[in-house]
Ligand SMILES: [Zn+2]
């Protein structure tokens, strides 16, 4: 059984509360109960199916009919485009920040490596110089057997 009902609801297109209409497809429970009793319970299956298939249609605004005017559609599309452009910009800025911090990290890392190499070079040179001096000093005081 279909009944057309009405209720006050907020319309997002009209931006105010307006009268909405909707259809209610419901079943007549008294009729189904009588039929179930008459058929000795056989009608119960059909009654259950009728309950499961009952539904309401979506309420429609009686002022605008739920149809968005073209200028509103265009404005919404522009809003969405602006939102997308903004998120693209934010993403690009985030990527830039990440690459800058990586650059900073790598600069620091290479500076440490550079310092380490210089220190190693000086240490090895110092050690070689010490060995060289020791050998020369030994050469002066010790008579090596020929
Ligand atoms: Zn409306």
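Each reported figure results from applying straightforward, stated rules to the coordinates on display, with no laboratory input. Keep in mind it's a predicted model, so treat the numbers as computed, not measured. Neighbour counts run over all protein chains shown; Cβ positions are idealised from the backbone, glycine included.
Values for this structure:
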| read-out | value |
| --- | --- |
| Where Rh is the Kirkwood radius over Cα pairs, Rg/Rh for segment 2-67 | 1.25 |
| Global form of segment 31-73, assessed from the alpha-carbon gyration tensor, a/c cut-off 1.5 | prolate |
| Evaluated at q = 0.10, 0.13, 0.15 Å⁻¹: base-10 log I(q)/I(0), Debye formula over Cα of the chain | -0.78, -0.90, -0.99 |
| Over the chain: helical MRE at 222 nm, DSSP H runs n ≥ 4 each giving -39500 (n - 2.57), nearest 500 | -22500 deg cm²/dmol |
| Packing rank of 34-41, 80-87, where each peptide gets the mean count of other beta carbons within 10 Å, highest leading | 34-41, 80-87 |
| Alpha-carbon centroid distance for the pair segment 15-36 / segment 66-124, whole angstrom | 56 |
| Helix 29-38 axis, angle to the chain major axis (alpha carbon atoms, nearest 10°) | 70 |
